[in-house]
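As structure tokens, the structure follows; a few thoughts come after it.
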Amino acid sequence: MSEELTAKFEQASKDVTQLSEAPDNMQKLRLYALYKQSTVGDCTGARPGMMDFVGKAKYDGWKALEGTSTDEAKQMYIDFVEELKAADKK
């Protein structure tokens, strides 16, 4: 299943760039966190400083997925991209 899941994940990461309208910032943060958890695993490093608002948001989103397996995160990413694609067609 893992090879099939990886292929679907890679396709989803391409599909998300083909949407007619870019995801909003909250959706982008979710995509970022799921992508990082899928490809790197649990969040590492220190939380960005007080003035790095974007960095902190990315870090916090990724950190919230701590303990999620890479395969589970890939499936969550695929499902989220499918939701975005379905909303894009409306």
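The values are calculated or read from the model by the stated rules, or taken from the named source; none is laboratory data. Because the structure is a prediction, the values reported are computed rather than measured. Cβ: placed from backbone, ideal geometry, glycine included. Neighbour counts: every protein chain shown.
Details
- For beta carbons closer than 9 Å, sequence separation of 6+ or different chains, a first residue in the stretch 39-58 that is under 26 Å from residue 74 (Cβ atoms) and a second that is among the charged types (D, E, K, R) and part of a loop (DSSP other than H, G, I, E, B), the qualifying pairs are 42/66; 43/66; 55/47; 56/47.
- With respect to (1) surrounded by 12 or more Cβ atoms within 10 Å (Cβ to Cβ); (2) in a helix (DSSP H, G or I), the lone exception for residue 17 is condition (1).
- Unique residue being of a type in the set (Gly, Ala, Ser), at negative phi and in a helix (DSSP H, G or I) when the list is 46, 12, 22: 12
- Which numbered condition residue 21 fails, given (1) in contact with a helix residue (DSSP H, G or I) (Cβ under 8 Å, 6 or more places away or on another chain); (2) modelled with pLDDT of 95 or more: (2)
- Here residue 87 does not qualify as within 26 Å of residue 3 (Cβ to Cβ) and either in contact with a Cys (Cβ under 9 Å, 6 or more places away or on another chain) or among the aliphatic types (A, V, I, L, M) (or both).
- First in the stretch 76-87 and farther than 14 Å from residue 17 by Cα, second anywhere and aliphatic (A, V, I, L, M) and assigned to a helix (DSSP H, G or I), Cβ under 9 Å, 6 or more apart: 76/34; 79/12
- Of all residues in the stretch 25-43, those satisfying the criterion of being out of contact with any Ser or Thr (no Cβ under 9 Å at 6 or more places or on another chain) and not in a loop (DSSP other than H, G, I, E, B) are 25, 26, 27, 28, 29, 30, 32, 33, 36.
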